[in-house]
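The values are calculated or read from the model by the stated rules, or taken from the named source; none is laboratory data. Treat the numbers as computed from the prediction; the structure is a model and nothing was measured. Cβ atoms come from the backbone with ideal geometry, glycine included; neighbour counts cover every protein chain shown.
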Amino acid sequence: MSKLINFTIDGKAVTAKKGETILTVARREGIYIPTMCYISKTTPCASCRMCVVEAAGVDGLVLSCNTPPTNGIAITTNSDVLEQERTNIMKLYDVNHPLECGVCDKSGECDLQNKTLEFDVAQQNFSAKDQHRQIENWGLINYDPALCILCEKCVHVCNEVIGDDAIDLQFGGYKSKVIPKNSDTLDCTFCGECIAVCPVGALVSSDFKYTANAWELTRIPATCAHCSGGCSLEYETRHTGISSKDDTIYRVKNNFEFTSLCGAGRFGFDFDNKASKDAVAFANAVEALKNAKAIRFSSMITNEEVLILQRLKEKLGIKLYNEDARKFGSFMDAYASISGKKHYSATLEAVKQADGIIVIGSMIATDNPAVRYAITTAAKHNGAKIIYAHPIEDVLMQNTITQFLKYEVGTEEGVMALLAKYLLENVELSYEEKAFFDDLDDGYLSAETNIGEEEFTLMMKSLTRTKNRVLVVGNDLIAHKEAQNIAKLAAVIEKYTDISVLVVPRDVNTLGVSLTCKLDYDDNSLLNVVGYNDKGSFVISSVGEADLAAPALNQQEGTFVSIDNRVVPTNSALAFGGYELLDLAKVFGIGKKDTIDFTKELPVENGFKAVEFDLLENFLAPLGEDIRGYLLDVVEVAMDGSLDELDSLPEFNGTIIYNVNPVLQFNAYTNITKQLERETTLRGSAQFGAAARVSDGDKVEISFADKTFIRTFKQDKSLKGTIALNPTFDLDESINSYRFQKSKIMRVNHE
Amino acid sequence: MSNIEQFKNRNVSEEYFLVDIEDYPTDGWGKFKRVVKRTFQGELFVGLWVVLREMIKFDIHTVQYPKEKMPIGPRYRAVHEMKRLWESGTERCIGCGLCEKICISDCIRMETKIDENSRKEVSEYSINLGRCIFCGYCAEVCPELAITHGGRYENASEQRAHFVMYEDMLTPIDMLKAGQQQEFEGFGAITPHEDERVKKTPLAY
């Protein structure tokens with residue numbers, strides 16, 4: 001077709017697809033064009049002008065980063081004129097750049113240094129009156145304007161990929177600098193992407209600043225162990241110092257050219273568990289396992305260890321409890337019974353490429369930042385329409401979303417049914433499914449969900465011209481009482497339309513756990529339960545108080561299943577001195593030499609491949625393709641499910657709390673890290689305060705289901721409505737129930 | 001003419017001769033005769049005379065170590081010294097970590113952090129002299145001429161740790177003020193006539 005553009009670069013015949021620029025084609029073909037400000041994951045900043053090329057028949061020089069090629073044009077990337085132009089740019093970049101490379105945190109990993117040497121700028125030919133530029137401390141981030149070269153990478157990433165839009169360039173000629181946008185100090189989610197993309201040492205982690213040189217640090221490729229995003233990262237370790245030669249993690253880096261990392265991944269790395277071999281505790285653990293009726297474990301676990309637990313279950317005839325993964329598993333089973341495939345269809349890459357995204361049942365910015373960044377990328381780069389359905393407006397998503405569908409708490413099933421009905425309007429359905437939608441009582445559902453017909457019409461209107469659509473399904477739907485039916489509704493949408501579905505697993509390896517072992521229903525009735533990173537009568541844990549210490553996820557090697565249905569490997573950054581689950585397995589005769597020897601035995605019937613751990617790659621290809629681990633095979637299952645008729649929708653009145661974590665906090669592991677902020681207050685609007693009769697700063701007792709705890713109430717101006725946000729990361733047990741809870745809020749008198 | 005051939009000549013026997021060595025005595029009587037001969041030949045007194053003669057001359061060259069020490073060359077590589085800046089008296093070390101990196105016996109270790117003025121500060125610095133081979137790489141690589149080798153070669157103490165204290169290596173401030181900090185010429189050092197060589201930066205403003 002005519003969509004391909006044929007042209008030449010330096011005499012080499014190349015082909016560009018629609019939307020590609022000269023630079024992207026050149027990079028794909030391995031032709032070098034120097035750049036200073038270009039970053040693949042954003043739109044071109046076009047601030048450095050280093051990427052200039054000559055085009056035959058065109059006067060002047062052309063910026064290759066933002067110019068698409070035309071048919072038959074001849075591009076020259078190297079000539080004396082271009083060399084002169086680029087050298088002059090480098091000379092200007094070097095004007096008054098502080099000569100403190102010896103102490104700079106880039107310690108040689110510096111784009112400016114590389115290019116200065118490349119273009120052989122040995123002296124300063126231009127001059128400008130230098131001025132005092134104050135180093136600014138923005139909390140986790142340090143900004144040194146003297147080192148800043150104003151490439152704008154940070155601004156573009158913050159705006160286009162992260163969506164915080166928290167920094168901006170203050171234009172003022174030679175006085176220009178990066179400033180917090182509309183604020184005196186930096187007010188953002190502290191993802192630290194600006195640090196990652198900074199080509200010089202201007203933006204640096206405050207904690208890391210001046211503590212180590214790049215060449216001293218050992219890079220350990222791993223996978224982030226905080227949420228299900230499965231982001232690739234590198235732990236950088238070095239000896240602690242003069243007092244100890246044990247390794248510690250100094251910082252976390254990522255392949256910022258193509259991927260992003262949230263602040264929890266970047267700054268929350270010190271959650272390792274220090275322990276030594278305690279033979280008595282180990283013997284007790286063996287004894288406890290022998291007497292146990294069940295093992296309860298969290299989803300903060302590798303697939304291999306889950307397989308060990310599964311083998312223990314078979315060997316000892318006990319039960320396995322993990323409510324989070326069990327709920328996810330049954331959601332996916334119901335989903336598969338309609339769609340015919342065991343796994344959902346969308347990936348984060350699909351979200352990035354999408355031009356229409358519907359998010360339902362998730363406070364996505366805090367539940368899974370990776371999904372948020374993908375949504376932001378889609379919105380900013382493809383102009384994607386974002387429909388965000390949730391009972392609470394999320395201030396973090398405000399700039400990104402096109403339409404907010406506010407529904408009543410508990411009515412997710414009704415919302416999903418209406419959503420499906422509208423999305424499937426002109427689609428040929430099977431008889432039963434058609435009957436289901438015909439029987440829906442639209443009026444009742446609209447009234448109960450509080451979403452009017454006009455809102456859906458508006459949604460359909462904005463989605464009309466979209467081609468790549470994704471439905472993002474959050475935890476509120478998975479943990480819902482009617483989760484099965486909701487799953488089936490989502491599956492119907494996927495089955496009959498081109499919309500692909502992304503289900504957001506709650507924890508790091510919720511998805512992997514649900515695929516690797518057979519879980520039992522946990523009714524909390526058994527007493528003899530061994531807890532593995534969860535509560536029980538005998539607790540083996542890598543965090544908090546435990547009867548036997550276990551390694552944390554940055555001290556283990558193994559695999560996770562990420563949100564992309566991709567099996568990704570992780571490696572141990574730090575050594576662990578104590579016993580691990582494998583040692584216990586060995587006592588029961590089901591151990592192997594290493595935990596990773598279980599990798600090739602992961603259940604093939606659920607899509608795993610029989611691949612050795614050591615054959616799994618853990619990096620991105622030069623052009624950004626994700627080649628980490630492997631994608632789960634497609635598993636076909638019987639399509640024997642059918643939609644159930646809707647019961648009356650539940651009503652939630654009174655003071656409702658929503659169990660959701662604040663930014664950068666996910667679980668007990670992020671809670672013990674040094675750098676991450678711990679916001680443990682109950683946050684609610686003034687309206688909530690009035691309804692619950694509490695005011696800002698009050699100590700309140702919150703009770704829901706059978707749980708009671710004390711928190712401070714904080715009035716948050718960004719919130720509306722009568723739902724307060726209750727963090728769960730600092731609770732000693734995981735909350736697996738539906739996240740909205742009717743609760744009793746009582747003011748506790750100050751002692 | 002000296003060509004290569006003369007060095008290739010391995011036949012050196014003409015210039016060598018055999019010394020006259022008596023056969024070793026094989027029996028007891030022969031050994032007894034040799035002892036008597038050597039004892040009364042008087043060679044013993046030759047040695048005694050040499051000592052006596054030098055004693056009477058009173059021309060003694062022996063260095064009375066440790067009371068007296070020989071001056072050593074400025075490039076002698078003994079225990080390290082950390083220098084201060086002449087002008088301000090602050091430490092020259094900027095904490096770049098190059099000495100730590102280049103050290104082939106891996107005996108240098110330092111800890112750095114950001115100080116209250118947002119500058120890099122060396123909070124801990126240690127050299128394990130038990131491992132140090134005094135190769136001088138650290139001094140050579142130092143971009144600030146902050147670490148050098150000093151002349152303190154006496155490595156005897158009750159504790160090895162006595163030699164790795166940063167404070168001991170650092171020039172005492174009173175010595176600096178008295179102008180007694182030993183300075184080295186060479187790469188990175190202040191070269192003679194530096195003032196005349198400085199050119200004014202061509203600033204347009």
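Quick notes on this structure:
- Segment A:9-38, residues that are small (Gly, Ala, Ser), under 20 Å from A:Asp111 (Cβ atoms) and surrounded by 19 or more Cβ atoms within 10 Å (Cβ to Cβ): A:Ala26
- Filtered by the rule that a residue be within 25 Å of B:Thr90 (Cβ to Cβ) and either within 11 Å of chain A (Cβ to nearest Cβ) or out of contact with any Cys (no Cβ under 7 Å at 6 or more places or on another chain) (or both), segment B:130-140 gives B:Gly136, B:Ala139, B:Glu140.
- Tally of residues being in a strand (DSSP E or B) and not polar (S, T, N, Q) across segment A:707-751: 15
- Residue match in segment A:198-207 (condition: surrounded by fewer than 18 Cβ atoms within 10 Å (Cβ to Cβ) and within 14 Å of chain B (Cβ to nearest Cβ)): yes
- Segment A:107-124 - residue that is in contact with a helix residue (DSSP H, G or I) (Cβ under 7 Å, 6 or more places away or on another chain) and more than 10 Å from every other protein chain (Cβ to nearest Cβ) and, of those, surrounded by the fewest Cβ atoms within 10 Å (Cβ to Cβ): A:Gly108
- Members of segment A:531-553 found to be outside any loop (DSSP other than H, G, I, E, B) and out of contact with any Gly (no Cβ under 6 Å at 6 or more places or on another chain), listed by number: A:Gly531, A:Tyr532, A:Phe538, A:Ile540, A:Ser541, A:Leu548, A:Leu553
- The residue pairs whose first member lies in segment A:693-716 and is in contact (Cβ under 8 Å) with a residue 24 or more places away in the chain, whose second member is among the acidic types (Asp, Glu) and not in a loop (DSSP other than H, G, I, E, B), and whose beta carbons are closer than 7 Å, counting only pairs six or more residues apart or on different chains, are A:Ile710/A:Glu701.
- Strands (runs of 3 or more DSSP E) lying entirely in segment B:53-161 (those with 3 or more residues that are more than 21 Å from A:Glu100 (Cβ to Cβ) and touching a residue at least 12 places away in the same chain (Cβ under 8 Å)): B:120-127
- Within segment A:215-239, the set of residues being farther than 26 Å from A:Ala374 by Cβ and either basic (Lys, Arg) or within 10 Å of chain B (Cβ to nearest Cβ) (or both) comprises A:Trp215, A:Glu216, A:Arg238, A:His239.
- Checked against the criteria, B:Thr39 does not count as within 14 Å of another protein chain (Cβ to nearest Cβ) and β-branched (Val, Ile, Thr).
- Among the candidates A:Glu349, A:Glu413, the residue that is in contact with a helix residue (DSSP H, G or I) (Cβ under 9 Å, 6 or more places away or on another chain), in a helix (DSSP H, G or I) and crowded, with 20+ Cβ neighbours inside 10 Å is uniquely A:Glu413.
- The number of residues in segment A:737-748 that are under 26 Å from the mean Cα position of the chain (by Cα) and crowded, with 19+ Cβ neighbours inside 10 Å comes to 4.
- Members of segment B:45-77 that are surrounded by 10 or more Cβ atoms within 10 Å (Cβ to Cβ) and within 29 Å of B:Thr148 (Cβ to Cβ): B:Val63, B:Lys69, B:Ile72, B:Pro74, B:Arg75, B:Tyr76, B:Arg77
- The listed residue being surrounded by fewer than 19 Cβ atoms within 10 Å (Cβ to Cβ), touching a Lys or Arg at 6+ places or on another chain (Cβ under 6 Å), among the charged types (D, E, K, R) and over 20 Å from A:Gly268 (Cβ atoms), out of A:Asp547, A:Asp520, A:Asp498: A:Asp520
- Hey, A:Glu455 over 25 Å from A:Thr259 (Cβ atoms), under 30 Å from the mean Cα position of the chain (by Cα), in a loop (DSSP other than H, G, I, E, B) and of a type outside the set (A, V, I, L, M, F, W, C) or not: no
- Test: residue in segment A:127-138 that is in a loop (DSSP other than H, G, I, E, B) and more than 14 Å from chain B (Cβ to nearest Cβ): no
- Residue ranges of helices (runs of 4 or more DSSP H) in segment A:252-327 with at least 1 members within 30 Å of A:Pro662 (Cβ to Cβ) and touching a Gly at 6+ places or on another chain (Cβ under 8 Å): A:263-267, A:303-316
- Flag not set for A:Ala146, criterion: of a type outside the set (S, T, N, Q), within 14 Å of chain B (Cβ to nearest Cβ), over 28 Å from the mean Cα position of the chain (by Cα) and farther than 30 Å from B:Cys142 by Cβ.
- Test: residue in segment A:630-640 that is touching a residue at least 24 places away in the same chain (Cβ under 8 Å) and over 30 Å from A:Ser430 (Cβ atoms): yes
- Any chance A:Thr77 is away from every other protein chain (no Cβ under 14 Å), touching an Asp or Glu at 6+ places or on another chain (Cβ under 6 Å) and over 30 Å from A:Arg372 (Cβ atoms): yes
- On the stretch given as segment B:42-52, residues that are in a loop (DSSP other than H, G, I, E, B) and within 35 Å of the chain's Cα centre (by Cα) total 0.
- Selection within segment B:105-122: residues that are more than 8 Å from every other protein chain (Cβ to nearest Cβ) and farther than 21 Å from B:Thr171 by Cβ. The member of this set that is modelled with the lowest pLDDT is B:Asn117.
- Count of segment B:77-104 residues which are in contact with a helix residue (DSSP H, G or I) (Cβ under 7 Å, 6 or more places away or on another chain), aliphatic (A, V, I, L, M) and within 12 Å of another protein chain (Cβ to nearest Cβ): 2
- Unique residue being touching a residue at least 40 places away in the same chain (Cβ under 8 Å), in contact with a strand residue (DSSP E or B) (Cβ under 7 Å, 6 or more places away or on another chain) and more than 14 Å from every other protein chain (Cβ to nearest Cβ) when the list is A:Glu152, A:Glu160: A:Glu152
- All of (1) assigned to a loop (DSSP other than H, G, I, E, B); (2) without any contact (Cβ under 8 Å) to a residue 60 or more places away in the chain; (3) away from chain A (no Cβ under 13 Å) hold for B:Asp168 with one exception: (1).
Matching residues to (1) crowded, with 17+ Cβ neighbours inside 10 Å; (2) of a type in the set (S, T, N, Q); (3) in contact with a strand residue (DSSP E or B) (Cβ under 7 Å, 6 or more places away or on another chain):
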| position | (1), (2), (3) |
| --- | --- |
| A:Lys592 | no, no, no |
| A:Phe619 | no, no, yes |
| A:Leu632 | yes, no, yes |
| A:Glu636 | no, no, yes |
